[in-house]
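Before any comments, here is the structure.
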Amino acid sequence: AAEHWDFTDQIYNSIAIMTTKQPRKKEQMIKDTRFILRTLSEDRFFGTKNIWKGSVKVALSDPTKTVIDMLDNPKVGGGIRPTTDMVLAYFESPYCDKSTLIEYALKMKNGAIFKRLGFILENRTQDSELMESCKKNLTTGTVKIDPQLNCTRLITRWQLWVPENFEV
């Protein structure tokens, strides 16, 4: 969806599909394209828009939900670095809606979203109003900026583990 909303011009060789059904296989290859299926609970399945791909109607995450899904699970965006670039592109886009961003983050019930977003904002945009919303919604416990990275340094103000010498 990030490519559809012009948050990136990178061409990905995999497509993330969110579903409420439990798939038999979490990854599938179809005509040289890797499809990654991720199961979401019904209450986390929101923020979609119907678009037409040829003669097929497809439910695609709206711009704000696309960003929230990547902050929820950076793997969906290809890791935290490309996710950061796409989050910043969202803020520069005509689709940027900060109140909906906070609303969607709250609906997801995952404090890691606020921790990752706050860290990105602090290091790249200095949007104090949005950073305050992130701070206000911090949860207890710590998380990794990206679960796939070796994170050894704790940023206590965001309760976020990052790799040594990490910059977004």
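The values are calculated or read from the model by the stated rules, or taken from the named source; none is laboratory data. Note that the structure is a prediction, hence the values are computed from the model and not measured. Cβ sites come from the backbone with ideal geometry, for glycine too, and all protein chains shown count toward neighbours. When the accessible area is computed, the model is the full protein with side chains, heavy atoms only, and any ligands, DNA or RNA have been set aside. Shrake-Rupley method; radii C 1.70, N 1.55, O 1.52, S 1.80 Å.
Given a 1.4 angstrom probe, what's the average accessible area per residue across segment 81-168, in square angstrom?
53
Of the heavy-atom accessible surface of segment 48-168 (probe 1.4 angstrom), what whole percent is carbon and sulfur?
Reported share for carbon and sulfur atoms: 47 percent.
For the chain, what is the convex hull (Cα atoms) projected area averaged across all directions, in square nanometres?
On the way: hull surface 42.1 nm².
That works out to 10.5 nm².
To the nearest 20 debye, what is the magnitude of the charge dipole of the chain about its Cα centre, counting +1 on the Cβ of each Lys and Arg and -1 on the Cβ of each Asp and Glu?
800
Out of residues 5 or more away from I15 or on other chains, whose amide H comes under 5 Å of its own, with H placed 1.01 Å from N in the peptide plane?
Hits under the 5 Å cutoff: R34, F35, I36.
From Cα pairs below 8 angstrom and at least 6 apart in sequence, can you work out the relative contact order of the chain, rounded to a whole percent?
16
Taking the chain as a Gaussian network, Cα atoms linked when under 10 Å apart, which of G77, G118, G47 shows the biggest mean-square fluctuation?
Judging by the Gaussian network model, the answer is G47.
Springs between alpha-carbon pairs under 10 angstrom, Gaussian network model over the chain: which of A59, A112, A89 fluctuates most?
Result for the chain, Cα springs under 10 Å: A59 fluctuates most.
Loop-only check: which trypsin sites (Lys or Arg not before Pro) in segment 100-134 are DSSP coil with at most 16 other Cβ within 10 angstrom?
Filter output for segment 100-134: K109.
Exactly which trypsin sites (Lys or Arg not before Pro) in segment 29-96 are in a DSSP loop and have at most 14 other Cβ atoms within 10 Å?
Those that pass, being in a loop and sparsely packed, are K31.
Given DSSP loops and a limit of at most 10 other Cβ atoms within 10 Å, what is the longest stretch of the chain that contains no such GluC sites (Glu not before Pro)?
1-163
How charged is the neighbourhood of E167? Take every other residue with its Cβ under 14 Å from the Cβ of E167, and add Lys/Arg as +1 and Asp/Glu as -1.
-1
Using 1/(1 + (r/R0)^6) with R0 = 35 angstrom and r between the beta carbons of Q126 and L60, what's the FRET efficiency to the nearest 0.05?
0.65
Counting each DSSP H run of 4 or more residues in the chain as -39500 (n - 2.57), what helix-only mean residue ellipticity at 222 nm follows after dividing by all residues, to the nearest 500 deg cm²/dmol?
-10500 deg cm²/dmol
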